[in-house]
Structures are given as C-alpha cells and as structure tokens.
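Below: one structure, written as structure tokens.
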Amino acid sequence: DVTDLEDEIASLARRWSDQVTTALVGRRDDARRLAERWAEAFDPGYRDRVEPADAVADITELDGLVEQPEDEPTRARLHPAPDDEGPSWRFTLYRRGQAAELADLLPVLESLGLRAIEEFPHRVSGPDGPMHLHDVGAELTSADDDVEEETRSRVADAAIALLDGRADTASLNP
C-alpha cells in the first residue's frame, strides 16, 4: 500500500530523538520535560539498537534514578525481551556515576536464577553527570519462563541490594 510506504519513509527520515518525543507524548503526561532531558542523552549504539517506543521505559527508569537520593545510585528491571530474536529476557541495570563491572554483575545475575547471554553497556548523559545503562540479555535457569511482574520486581530489587553492597548471596537463601 502506497500510504503505508509513505508513512514508513517519513518515519525513517525523522531523527531518533524526534521519534522518542512522539513515543513519550503518547505514554506520559510529563512528555515534554522528559524529552528535553533525555531524547538526546543516549549514545549512538543505544539509538541503533533500541526502538524509540522501547526507550520510554528506560527514560522512565533513568529519570527516577535522577530523583533518588545520592546513596541510592542504582535501579534495575527484569522484563520480557521486546522481540523474538535472542534471549527471552532483558535485565536492565541503570547506574549513576560509575558503570557496573561485568565481573560483578554476572555472579549476581546467576545467584538470582538468570544466565547472562549478552550485554550491551551504554553511557547516558544525565543532567547531573554520566549515567550508565547495562542491557543484559538473559535466560532463566528455571524451566518456568512465565514470571509475574511482582517476582520480576523482587529480582530487580535483590540485584540492586547485592550490587550496592546492602546484601550478600547468603542473605537470599534463608
């Protein structure tokens, strides 16, 4: 269909940051503020890999991280992969300041039942300095691939506690 082709060409001609702004407007009441703060903040590798509509969740997490106290420099989320290519799950770690070391991250994920398959680290220009987003493709080590949102949230919270030194793996196994 000619109209669909024209729409696709117009979409390809628009800048990634403009597409992010459009995606934010459709999903967030504070879209203008978020777009001004984050639409140009991502490195080229991130913009090449992540669809603008999928970036909305990362922008929401990064913006929340900026609002957190300084002694809470980390956020995370475990979510289904947006497509059928590659690992079934994504574990995304958001850090203010220094990036996480892969050597520290892998044992934490394994202790939480995740087997890391791939990692894409990204530097983000935060309003108060550098931020880092670590996008990890993972598979669950258990046979059950159906994980509810509450469980995913607990896994993310446990990973944050482990990485920030507020817990150790022994505390996860009562």
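The values are calculated or read from the model by the stated rules, or taken from the named source; none is laboratory data. Note that this is a predicted model, so its numbers are computed, not measured. Quick reminder, even Gly has a Cβ in these numbers, built from the backbone with ideal geometry, and neighbours come from all protein chains shown. Heavy atoms of the whole protein, side chains included, go into the accessibility calculation; ligands, DNA and RNA do not. Shrake-Rupley method; radii C 1.70, N 1.55, O 1.52, S 1.80 Å.
Screening the candidates 45, 26 for the property of being in contact (Cβ under 8 Å) with a residue 24 or more places away in the chain, part of a helix (DSSP H, G or I), among the small types (Gly, Ala, Ser) and over 27 Å from residue 158 (Cβ atoms) yields one hit, 45. In segment 87-109, the condition of being farther than 21 Å from residue 54 by Cα, surrounded by fewer than 16 Cβ atoms within 10 Å (Cβ to Cβ) and in contact with a Ser or Thr (Cβ under 7 Å, 6 or more places away or on another chain) is met by no residue. On the stretch given as segment 29-42, residues that are open to solvent by 20 Å² or more (accessible area, probe 1.4 Å) and in a helix (DSSP H, G or I) total 4. For segment 151-174, the candidate set comprises residues that are open to solvent by less than 60 Å² (accessible area, probe 1.4 Å) and β-branched (Val, Ile, Thr); within that set, the residue that is modelled with the lowest pLDDT is 151.
So which residues in segment 63-107 are under 22 Å from residue 126 (Cβ atoms) and among the hydroxyl-bearing types (Ser, Thr, Tyr), if there are any at all? Correct list: 74, 92, 94.
Could we say that residue 62 is at pLDDT 95 or above, in a helix (DSSP H, G or I), crowded, with 18+ Cβ neighbours inside 10 Å and within 15 Å of the chain's Cα centre (by Cα) here? Here the answer is yes, as residue 62 does meet what is asked.
Would you please name the residue that is farthest from residue 74 (Cα to Cα), looking only at residues in segment 118-150 that are acidic (Asp, Glu) and surrounded by 13 or more Cβ atoms within 10 Å (Cβ to Cβ)? Here the residue is 139. Being open to solvent by 50 Å² or more (accessible area, probe 1.4 Å), part of a strand (DSSP E or B) and modelled with pLDDT of 95 or more is a property that residue 75 has.
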